[in-house]
Amino acid sequence: MPSGKPWGRWLATAAAGCVGSVILGLVLVAALRRDPDGGQPIAYAAIEKRAAPVSSVPPSSDAALSAARGPASAAQLENSAGVTVVRAGEDAPGAIIITVPDEAGAIKLAPTPDNRLVERSRYGLLPKLGPDGATPAKIYARPLGPEPSVKPAGRIALLVGGLGISQTGTADAIAKLPGPVSLAFAPYGTELERTVQRARGEGHEVFLQLPMEPFDYPDNDPGPHTLLTGPKASDNIDKLHWSLGRFTGYVGIVNFLGGRLTADENALSPLLRELAGRGLMVIDDGSSARSLLASSATRAQIPAIKIDRVVDAVTRPDAIDKELAALEALARDQGVVVAAASALPVSIERINRWAQSLEAKKIALVPVSAARGFRNPKTTGSVSTGPQR
């Protein structure tokens, strides 16, 4: 019999509503989640903290510091630290071998371009005399360094030319030739500024090869910016500026071919005046017996020297070895000898092997810029008491 009090019916109705709401809520949750398992089954997994494996060799403090900073790639090491990185072979996968240069004994060349020694032109930066009297011939030359502990029995200066055209040949010459070997770059190469700076970074002083008119021109044509004789000589200064602006940091110039031009005083004179005003050294490659280049440059108060001997006129290994041995004899006899070679693979390989034997023979390699200082200016072969640069 229903209670006579209305609040009893309300309470019963409210309780029934609450139960219905709970049931409806559970139905809705199940419908919305659409979870056929209804939250079952449940899996439990234990998580354990394990100690790191102990190395058989305790790490040093340096190793710990390197690990904290993170590993450097081979490229990063080469670019930032100036070291040589050799990628390992199959015997040690993932390893690298690092050769660190001896900084204490390294001879560094002055940075280039030196703002005192350049002027802007439509062809790029041209060399010039500094306001304080500084010259590219002195500032960009490779220093001789400390005196050797044992007095040399002779000195050899070697200039290797024809660089900048072949990237492979140029890279080999820069990497394989000793630092005292001077390098000459042709003006027609690509990326010359970057390549020359890499050569200087390896300790090589550099020269610019100037294409000059040979006797058999135009059958033998050194290129569109060749310095010429006769009526066309009026364009020579503009052509000279083009070549001078190809890169920076060179000590001076050396002729490339040029038998006819170097024998013509009228064609040479304006060129030498321009070179003198820019503080450059002049090298005569010795290829022409009629050349006036070195003697005319000396009269114009330009530091100049003439190549005595070419070591790879015959490009056979045995012939090159014979010429290199002849240089040693000349150096012992004259005190100093200046030689030239081309950047041919066979020449680079023979010079590299030969240079490693010189210390035991008490023969010193010196930069071409320094060879002049060991000569008496009046006699080509006699040695002076010391460098006169």
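Can you confirm whether region 200-218 contains a residue that is farther than 23 Å from Asn352 by Cα, open to solvent by 40 Å² or more (accessible area, probe 1.4 Å), of a type in the set (D, E, K, R) and not in a strand (DSSP E or B)?
Yes, the conditions are met somewhere in region 200-218.
Quick check on region 273-283: of everything there that is open to solvent by less than 10 Å² (accessible area, probe 1.4 Å) and without any contact (Cβ under 8 Å) to a residue 60 or more places away in the chain, which residue is farthest from the chain's Cα centre (by Cα)?
Leu275
If you scan region 143-164, which residues turn out to be surrounded by 15 or more Cβ atoms within 10 Å (Cβ to Cβ) and farther than 20 Å from Val338 by Cα?
Result: Gly164, single match.
Just one of Ala199, Ala233 is among the aliphatic types (A, V, I, L, M) and within 20 Å of Leu163 (Cβ to Cβ); which is it?
Every option except Ala199 fails the conditions.
Taking Ser287 as the residue in question, decide whether it is outside any helix (DSSP H, G or I), modelled with pLDDT under 95, small (Gly, Ala, Ser) and more than 25 Å from Ser149 (Cα to Cα).
yes
Which of the residues that make up region 284-335 are among the β-branched types (Val, Ile, Thr) and open to solvent by 40 Å² or more (accessible area, probe 1.4 Å)?
Thr298, Val310, Val314, Thr315
Restricting to region 165-196, name every residue that is farther than 28 Å from Gly373 by Cα, among the hydrophobic types (A, V, I, L, M, F, W, C) and open to solvent by 10 Å² or more (accessible area, probe 1.4 Å).
Ile165, Ala171, listed by residue number.
Going through region 134-154 one residue at a time, which ones are in contact with a strand residue (DSSP E or B) (Cβ under 7 Å, 6 or more places away or on another chain), in a helix (DSSP H, G or I) and of a type in the set (A, V, I, L, M, F, W, C)?
Passing the criteria: only Ala137.
Could you look through region 336-379, keep only residues that are modelled with pLDDT of 95 or more and in a loop (DSSP other than H, G, I, E, B), and pick out the one that is nearest to the chain's Cα centre (by Cα)?
Ala343
As an exercise: evaluate Glu119 against (1) part of a strand (DSSP E or B); (2) buried (at least 18 other Cβ atoms within 10 Å of the Cβ) and give the number of the one condition it does not meet.
The single condition Glu119 does not satisfy is (2).
Just to be sure before I move on: is Thr135 crowded, with 18+ Cβ neighbours inside 10 Å and of a type in the set (S, T, N, Q) in the structure I sent?
Spelling it out, Thr135 is indeed crowded, with 18+ Cβ neighbours inside 10 Å and of a type in the set (S, T, N, Q).
The values are calculated or read from the model by the stated rules, or taken from the named source; none is laboratory data. Keep in mind that this is a model prediction, so the values were computed, not measured. Quick reminder, even Gly has a Cβ in these numbers, built from the backbone with ideal geometry, and neighbours come from all protein chains shown. Surface areas here come from the heavy atoms of the whole protein model, side chains and all, with no ligands, DNA or RNA. Shrake-Rupley method; radii C 1.70, N 1.55, O 1.52, S 1.80 Å.
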